[in-house]
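Remarks on the structure that follows.
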Amino acid sequence: MESDRALRGYALLITTLSSFLTPFMSSALNVAVPAMSGELRADPLASTWVVSVYLVAAAALLLPSGRLADLVGRKKVFVAGLLVYGVSSVLAMVATSVTALIAFRAFQGIGGAMVFGTAVAILTSVYPPAERGRVLGINTAATYAGLSLGPVLGGILTQQFGWRSIFLFNAVLALVIVPVILIRLRGEWAGAAGERFDWAGSALYSVALVVLMYGVSSIQSVPYARWLALAGVLGLGVFVWVEMRARQPVLDLRRFRGNIPFIFSNLAALIHYSATFAIGYLLSRYLQEVQGISPRTAGLILLAQPVVMALFSPPAGGLSERVEPRVLSSAGMALMVAGLLLLSFFQAGTSLAAVLGVQCLIGFGYALFSSPNTNAIMGSVAPRDYGVASSTLGTMRLIGQALSMAIVLLLFSIYVGRAEDSAGMIGPLLTTMKVGFRLFAGLAAVGTLASLARGKVRE
């Protein structure tokens with residue numbers, strides 16, 4: 001019993017630290033984008049790709065990584081992912097061009113996918129159902145802690161030591177976690193050991209998703225992008241057709257057929273992240289380029305939303321053990337609709353108190369949605385499917401985040417173009433925010449309906 005308790009403690013510690021890593025990188029990099037763009041002479045579209053390419057790569061590899069973890073062991077894939085993530089962070093730190101930085105960020109996304117696809121599955125494997133809501137809430141809080149510290153620490157690092165120090169911090173933390181895992185975390189939890197890996201399905205899925213994301217985000221700037229987007233949609237359709245007929249697919253859709261809570265909870269997660277991920281990126285540019293605030297101060301202001309998310313996620317996760325996740329998650333999504341609409345009215349003279357207040361509203365809605373929604377997904381599948389379920393949820397998150405940034409890329413290409421950062425960008429940037437946040441509010445409203453449609457998980 002004592003040994004099991006210690007194992008659970010180390011699993012929670014390790015997965016919590018790893019869940020801190022990637023959101024910290026994303027939110028810290030948002031603050032560093034203006035400084036990075038200036039040093040590497042990157043135009044607005046290229047600097048946005050530094051953020052987006054990570055999400056596209058991680059989304060494309062997450063599902064295959066989760067399936068591989070179920071076959072060969074979740075610990076093995078988890079460790080390999082941290083190593084890839086740490087090494088690619090070092091390479092990004094020494095990049096001398098925006099092209100090289102984008103390439104290393106893509107490799108960082110591959111490592112992130114291997115970590116994403118296993119962390120929640122490991123937690124769900126070692127904790128009993130009665131404790132699952134609480135520990136998933138803690139894990140979610142770690143994600144939000146990364147989002148919280150990212151803007152503050154990222155702003156301080158950027159202002160004092162330059163944007164490269166953010167990658168150094170991430171690399172050190174990733175590589176420090178590895179020996180702790182090897183020494184303290186016993187077990188592999190290969191829930192589908194002995195089955196075959198679906199190479200054809202994995203390749204089809206990854207290529208189709210990358211083509212779709214690139215096509216959607218480049219419709220305005222690349223002549224043939226619309227055809228790429230269409231090819232990506234068709235490719236995903238072929239993937240679904242192939243997987244429904246494969247003996248041991250990378251994603252066994254037949255296993256989840258008829259599982260309404262699983263299907264609609266994942267759909268709600270996809271829409272949720274599509275509507276909310278770009279908030280930090282847009283607000284960071286707004287505070288620095290429109291309001292003229294320093295990176296450190298902008299980071300402190302952006303702290304409000306993730307702090308509220310981190311504070312309320314554990315109690316929301318625990319509450320989802322007694323109250324239907326549908327009720328909590330739908331209420332949270334509705335609050336985010338209101339917050340996104342308020343963001344669309346921001347102007348150059350908007351008070352910082354208003355910025356902080358809207359962030360708190362969105363953060364509270366985010367906390368109410370996320371932990372209960374995760375608990376609903378993991379509680380709706382059998383133990384052997386924890387890895388795939390975790391990867392599916394992670395895929396929804398990353399595809400949603402990538403779609404969110406794809407929308408921003410499209411809006412930047414329409415309203416901002418490849419102009420140099422200057423006072424002349426203030427008007428186009430405000431227009432981009434206005435249109436973007438209203439689109440995101442509409443998406444969140446649809447997500448509220450999807451959340452309500454999941455039915456009663458408790459039954």
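Rule-based calculations on the coordinates, nothing more; no lab input. The structure displayed is predicted, hence computed values, not measured ones. Positions of Cβ are generated from backbone atoms using ideal geometry, with glycine treated the same way; all protein chains shown enter the neighbour counts.
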Measuring from label point to label point, each 7 Å out along Cα→Cβ, what is the residue 338 to residue 196 span in nm? 5.4
Quick calc, residue 224 & residue 351: beta-carbon distance into FRET formula, R0 41 Å, rounding 0.05, result 0.35
Show me, bin by bin at 10 Å from 0, the whole-percent P(r) of the stretch 252-397 based on Cα pairs. 11, 37, 29, 16, 6, 0
When the Kirkwood radius is taken over all Cα pairs of the chain, what Stokes-Einstein diffusion coefficient follows at 4 °C and 1.567 mPa s, in µm²/s? 59
Averaging 1/r across every pair of distinct alpha carbons in the stretch 173-263 and inverting yields a Kirkwood hydrodynamic radius, in angstrom, of 16.2
Starting at the first residue of the stretch 161-167, write each ³J(HN,Hα) from the Karplus equation 6.51 cos²θ - 1.76 cosθ + 1.60 with θ = phi - 60°, in whole Hz, x for Gly and Pro. 10, x, 5, 5, 5, 5, 5
Just grab the label-to-label distance for residue 207 and residue 452, each label 7 Å out from Cα along the Cβ direction, in nm (one decimal). 4.2
Ranked highest first by the average count of other Cβ atoms within 10 Å around their residues, in what order do 394-402, 120-128, 344-352 fall? 394-402, 120-128, 344-352
Degrees, to the nearest 10: 352-378 long Cα axis against longest axis of the chain: 20
Computed, not fitted: 222 nm per-residue ellipticity of the chain from DSSP H runs ≥ 4 (each -39500 (n - 2.57)), nearest 500, equal to -27500 deg cm²/dmol
Given Cβ point charges of +1 (Lys, Arg) and -1 (Asp, Glu) and nothing else, what value in debye, to the nearest 20, does the dipole of the chain about its Cα centre take? 640
Based only on Cα atoms, what Rg/Rh ratio does the stretch 198-249 have, Rh being taken as Kirkwood's radius? 1.09
Under the Karplus relation with 6.51, -1.76 and 1.60 and θ = phi - 60°, whole-Hz ³J(HN,Hα) for the stretch 325-333, x at Gly and Pro, equal x, 4, 5, 5, 5, 5, 5, x, 5
Here the stretch 211-221 yields Karplus 3J(HN,Hα) values (6.51, -1.76, 1.60; θ = phi - 60°; whole Hz; Gly and Pro given as x) of 4, 5, 5, 5, x, 5, 6, 10, 4, 7, 9
